[in-house]
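For reference, the structure discussed in these notes is given below.
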Amino acid sequence: MAKAPRPALPAQWKRFVREYGMNLAYWYQPKGLAITVESVEDRLRILKEFEGKGAWRDLQGDYIRRLQEDSVSAAEDKWEGGGAPLARMLKQVMAVLGLAWVDLDDQVEVTDAGNLFLASEDKAAVLARQALRYQFSNPAVSSKDHRAIRLHPVPFLVRLLQAVEGTLSAGEYRLFVAKARAISEVDEVADQIDAFRELTADQQAELIRQCDAYNIAGTRRGSIYKTIRLNQSYAYKMWTLSGLIEVSDHSLKLNRIRGEARTFIDDYAVNGTHIAFADEKEFLAWMGDPEALPNQQTALDVYVSRNDLEAAAAVKKSLGASTAELRSFKKMMINEKTLEDNIEKNIDELG
């Protein structure tokens, strides 16, 4: 029996397949520990023992042995190359959550957020706030492909779910959500999802098939659709950590928003902004401060502290500064930078 012909896709969706397949940026979440309060607490508590005890490069083996002694994990000794691969994954998780600085050539340092988590009676609330504040991209995720994405995933998801009747299928997440680049694209993504839902079930399946068949040139990863699908479970763990989103049968659903989370989401809608951190340590200094918010004032403080005149002036302008105020602000920053440079240059004479 001859196979039934594949359903035709409207021209707009043919263009979508090409653009989707060629753009490699997506909401990548590092593959590592399955994040739960218990798994993070057990590992961070033991990691705390190694704080300030020497370079992490020299401590990894001892850390793995401590995990085994406390029956936190028994799989590390089966890994090729010893415990180092898992130690690197744990490092990634701690950095993404803003709980600890772990660098091969540096000493372990548990952040204020990490210490608050260990001391808190409501550890889930601490992790929920960290997930709310988390931004992508950031220097803890090094891939150049993803740097075009500049948003905070949980606030984006909350606004999007509110716009599409509170639920997103796994396919909709892979096709539309995980490819969004900025908070300003919420309406555009919602429109795409509405249009997708108007397709027949056969057309939806054909669109997914074509996106999944669009292989990434020069790699062995298959399609970007497959890449997102394989990463999805790790990403879902991070978004649901916020307590605002739940997973049901591979779909994302919106929970009730109340209390501190409501205040955060409302404030973010007015003042929220992506912050362009210079490096991983600067990102972790912000993420490790549980009181720091992803808003314009914080961005301004970050840029001023590192003397980034262009970025600071852009934020100052967005906050409503007049031309005269901008000119005065730039002059102040230049004068401060000149003073710092002169002090550094003549530090021996000043001593």
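The values are calculated or read from the model by the stated rules, or taken from the named source; none is laboratory data. The shown structure was predicted, so the numbers you read here are calculated from the model rather than taken from an experiment. All Cβ positions, even for glycine, are placed from backbone atoms using ideal geometry, and neighbour counts span all protein chains on display. Each accessible area value is taken on the protein alone, full model and side chains, heavy atoms only, with ligands, DNA and RNA left out. Shrake-Rupley method; radii C 1.70, N 1.55, O 1.52, S 1.80 Å.
General observations
- Leading residue by the ranking (surrounded by the most Cβ atoms within 10 Å (Cβ to Cβ)) among those in region 257-304 that are among the acidic types (Asp, Glu) and assigned to a loop (DSSP other than H, G, I, E, B): Asp289
- Taken over region 167-178, the residue count meeting the criterion of being farther than 12 Å from Pro153 by Cβ and assigned to a helix (DSSP H, G or I) is 5.
- Of the residues Ala312, Ala299, the single one that is touching a Ser or Thr at 6+ places or on another chain (Cβ under 8 Å) and either at pLDDT below 90 or under 15 Å from Phe277 (Cβ atoms) (or both) is Ala299.
- The lone criterion from (1) in contact with a Lys or Arg (Cβ under 9 Å, 6 or more places away or on another chain); (2) within 22 Å of His152 (Cα to Cα); (3) among the charged types (D, E, K, R) left unmet by Asp212 is number (2).
- Considering only residues in region 305-325 that are of a type in the set (A, V, I, L, M) and either in a strand (DSSP E or B) or open to solvent by 30 Å² or more (accessible area, probe 1.4 Å) (or both), the one that is farthest from Leu132 (Cα to Cα) turns out to be Ala324.
- Filter result for Lys237 (open to solvent by 30 Å² or more (accessible area, probe 1.4 Å), closer than 18 Å to Phe136 by Cα, of a type in the set (Lys, Arg) and in a helix (DSSP H, G or I)): yes
- In the set Arg181, Arg147, only one residue is open to solvent by 20 Å² or more (accessible area, probe 1.4 Å), under 19 Å from the mean Cα position of the chain (by Cα), farther than 19 Å from Lys14 by Cα and at pLDDT below 95; that residue is Arg147.
- Those residues of region 16-59 which are open to solvent by less than 30 Å² (accessible area, probe 1.4 Å), among the aromatic types (Phe, Trp, Tyr) and within 20 Å of Val141 (Cβ to Cβ), in sequence order: Tyr26, Trp27, Trp56
- Arg159 vs. criteria closer than 30 Å to Asn23 by Cα, open to solvent by 10 Å² or more (accessible area, probe 1.4 Å) and modelled with pLDDT of 95 or more: yes
- Selection from region 191-223 of residues that are over 20 Å from Pro7 (Cβ atoms) and modelled with pLDDT of 95 or more: Asp191
- Checked against (1) farther than 24 Å from Leu127 by Cβ; (2) at pLDDT 85 or above; (3) of a type in the set (Asp, Glu), Asp70 passes all but condition (1).
- Per the conditions (1) surrounded by 17 or more Cβ atoms within 10 Å (Cβ to Cβ); (2) assigned to a helix (DSSP H, G or I); (3) modelled with pLDDT of 85 or more, the sole criterion not satisfied by Asp62 is (1).
- Test: residue in region 249-256 that is in a helix (DSSP H, G or I) and under 23 Å from Glu38 (Cα atoms): no
- Just one of the numbered conditions (1) more than 17 Å from the chain's Cα centre (by Cα); (2) assigned to a helix (DSSP H, G or I); (3) surrounded by fewer than 18 Cβ atoms within 10 Å (Cβ to Cβ) is not true of Cys211: (3).
- Of the candidates Ala128, Ala124, Ala113, Ala140, the single residue that is touching a residue at least 24 places away in the same chain (Cβ under 8 Å), among the hydrophobic types (A, V, I, L, M, F, W, C), out of contact with any Lys or Arg (no Cβ under 6 Å at 6 or more places or on another chain) and not in a helix (DSSP H, G or I) is Ala140.
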